[in-house]
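Have a look at the structure below, then the notes.
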Amino acid sequence: MDKLIPWQKLEAQIEPFYPKAGNGRRPYPLATMLRIHFMQNWYNMSDPAMEDALYKITSMHLFAGLPLEGAIPDHTTIMNFRHLLEKHKLGRKLFKEVNKWLSDSGIHFKEGTIVDATIIEAQPKINRMRVILKCIKPKREINGSLD
């Protein structure tokens, strides 16, 4: 996506409305918030789920351009950025442009799913046949009869 989407062109449309440093807390870089916004929509995540994903999924963290040892935007910051785009009617416009660029590149992106797999050590598989045989094995004979 870094090479397919001209991020600077998208940022230029948002930049006049984006908060500047010096008016309260320093804002996250526009490029970071824009990438987070797109990932949130591509993977259909809520604001809290996106925040959580940035903590847990390294590839998303890096794609957003966040330093490995640094602050991550919380769900309220993510929500405020989305509201900024909605207020200035930029959300749909930006997605239409991105979809056009992707489609011109032969990529049709509708919706995604994230699968997170963690390899863990587990007990070896029990031999089911041995367990079944133990269950049906007759009791020992005592004095010629079965107990």
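The values are calculated or read from the model by the stated rules, or taken from the named source; none is laboratory data. The structure displayed is predicted, hence computed values, not measured ones. Cβ: placed from backbone, ideal geometry, glycine included. Neighbour counts: every protein chain shown.
A few notes on this one:
- Selection of first residues in the range 45-60 that are in contact (Cβ under 8 Å) with a residue 12 or more places away in the chain and of second residues that are aromatic (Phe, Trp, Tyr) and surrounded by 12 or more Cβ atoms within 10 Å (Cβ to Cβ), restricted to Cβ pairs under 9 Å at least 6 apart or on distinct chains, gives the following pairs, ordered by first then second residue: Met50/Tyr43; Ala53/Tyr43; Met60/Tyr43.
Let's see how each residue does on (1) out of contact with any Leu (no Cβ under 9 Å at 6 or more places or on another chain); (2) modelled with pLDDT of 95 or more; (3) under 16 Å from Met79 (Cβ atoms); (4) in a helix (DSSP H, G or I):
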position: Leu4; (1), (2), (3), (4): no, no, no, no
position: Glu11; (1), (2), (3), (4): no, yes, no, yes
position: Glu15; (1), (2), (3), (4): no, yes, no, yes
position: Pro19; (1), (2), (3), (4): no, no, yes, no
position: Pro27; (1), (2), (3), (4): yes, no, yes, no
position: Leu34; (1), (2), (3), (4): no, yes, yes, yes
position: Asn41; (1), (2), (3), (4): yes, no, yes, yes
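- Meets criteria (in contact with a helix residue (DSSP H, G or I) (Cβ under 9 Å, 6 or more places away or on another chain), crowded, with 18+ Cβ neighbours inside 10 Å and aliphatic (A, V, I, L, M)) for Leu66: yes
- Residue count for the range 8-40, restricted to those that are crowded, with 17+ Cβ neighbours inside 10 Å and within 20 Å of the chain's Cα centre (by Cα): 11
- Residue in the range 118-136 that is in a helix (DSSP H, G or I), among the basic types (Lys, Arg) and modelled with pLDDT of 90 or more present: no
- Within the range 61-74, the set of residues being assigned to a loop (DSSP other than H, G, I, E, B), within 14 Å of His37 (Cα to Cα) and either in contact (Cβ under 8 Å) with a residue 24 or more places away in the chain or of a type in the set (A, V, I, L, M) (or both) comprises Ala64, Gly65, Leu66, Ile72, Pro73.
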